[in-house]
Amino acid sequence: MSYLETVEQVYRDAAVQPADNLCCVSEPTAAMPGLVVPDEMHAMNYGCGSAVRADSLKPGQRALYIGVGGGLEALQLAYHTRTPGGVIAVDPVAEMRAAAARNLELTAASNDWFDPSFVEIVAGDARSLPLEDSSVDYAAQNCLFNIFLQDDLSSALAETCRVLRLGGRLAMSDPITTRPIPEHLADDERLRAACLSGCLSLDDYLRAVTDAGFGTVEVRAKRPYRVLDRASYKLDADLLLESIDVVAIKAPTPEDGPCVFTGRTATYTGEGEAYDDGAGHTLPRGLPQAVCDKTAATLATLDRDDLLLTPPTWHYAGGGCC
């Protein structure tokens, strides 16, 4: 049995009987006016954050959700798109697709605005999506890509980039690790299925995203997720896992490399009205400006005492230098 077959079996079981050991949602489900979520759907909310970004969604857009789970985030996407077939939810596990469909029918009974036709649930694999090139505006996945081994992760990211239109966004929420996962845990297929042992470091995670063709990446949040304690997991020291929310934009990669925003800012404090670095960035005096890590690194080499650079906050809300 391959590791993906083990993963599918774990989620097949979770579709029949909700499991509380798969993912630990580190924040409450966002409240949306007029949206009532059935308890059955809440019980199957397997994720580590949120991949629904209201600031990136508009009525009439077409959205893709990869790995439907209990249907909660597909429902939240439909809340914003409100179009028949506006959300395509892809999942390889028949039992999970059926459970999500039941949950969405329950939702229709308590939400006048919602029609189950807003979400189309289809069989499919993240590594070979059943969609045409450049056919969706927004894609999302929550706590799925961290399960994949490197080659499968690269395939899933490349496939998602393929189906997005130019300028489209991929929203992701995944666990990351603060130090390498030991081999005896990384090789444990059930721990991988539970979103505990397949985590990458932050640098490796972001590199995988940019290597897939996403020219701009925004780190929207980073927070503690789980701790693998030394006794239970046979470790030399406790291992902290974090949860990261990322929005990756299908945009051309600049010649000097992708733009990754982690919440850094640059502020000009000199005597002039503004500072122009000659590379397309103008910093007005006294007003912090969001800059990507690449721009911050370049400004740091100038060794100017009238430029104040701040470190990453790991919370970025857009409006940056690129």
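Structure values in brief
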| item | result |
| --- | --- |
| Considering residues of the stretch 235-270 that are free of Cβ contacts under 8 Å to residues at least 12 places away in the same chain and charged (D, E, K, R) only, the residue farthest from Ala54 (Cα to Cα) | Asp236 |
| Hits in the stretch 239-265 (condition: over 25 Å from Cys195 (Cα atoms) and aliphatic (A, V, I, L, M)) | Ala251 |
| All helices (runs of 4 or more DSSP H) inside the stretch 83-187 with 2 or more residues being open to solvent by less than 20 Å² (accessible area, probe 1.4 Å), touching a helix residue (DSSP H, G or I) at 6+ places or on another chain (Cβ under 7 Å) and at pLDDT 95 or above | 150-163 |
| Within the stretch 37-59, tally of residues that are open to solvent by 40 Å² or more (accessible area, probe 1.4 Å) and of a type in the set (A, V, I, L, M, F, W, C) | 2 |
| Evaluation of Thr282 against (1) in contact with a strand residue (DSSP E or B) (Cβ under 8 Å, 6 or more places away or on another chain); (2) closer than 30 Å to Ile147 by Cβ; (3) free of Cβ contacts under 8 Å to residues at least 12 places away in the same chain; (4) hydroxyl-bearing (Ser, Thr, Tyr) (one fails), failing number | (2) |
| Out of Arg62, Arg12, sole residue that is at pLDDT 85 or above, open to solvent by 10 Å² or more (accessible area, probe 1.4 Å) and among the basic types (Lys, Arg) | Arg62 |
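Residue by residue, here is whether (1) in contact (Cβ under 8 Å) with a residue 12 or more places away in the chain; (2) more than 21 Å from the chain's Cα centre (by Cα) holds:
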| site | (1), (2) |
| --- | --- |
| Arg102 | yes, yes |
| Asp151 | no, no |
| Ser154 | yes, no |
| Glu159 | yes, no |
| Arg165 | yes, no |
| Leu170 | yes, no |
| Pro175 | yes, no |
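The values are calculated or read from the model by the stated rules, or taken from the named source; none is laboratory data. Because the structure is a prediction, the values reported are computed rather than measured. Neighbour counts run over all protein chains shown; Cβ positions are idealised from the backbone, glycine included. Heads up: the accessible areas ignore ligands, DNA and RNA and are worked out on the full protein's heavy atoms, side chains in. Shrake-Rupley method; radii C 1.70, N 1.55, O 1.52, S 1.80 Å.
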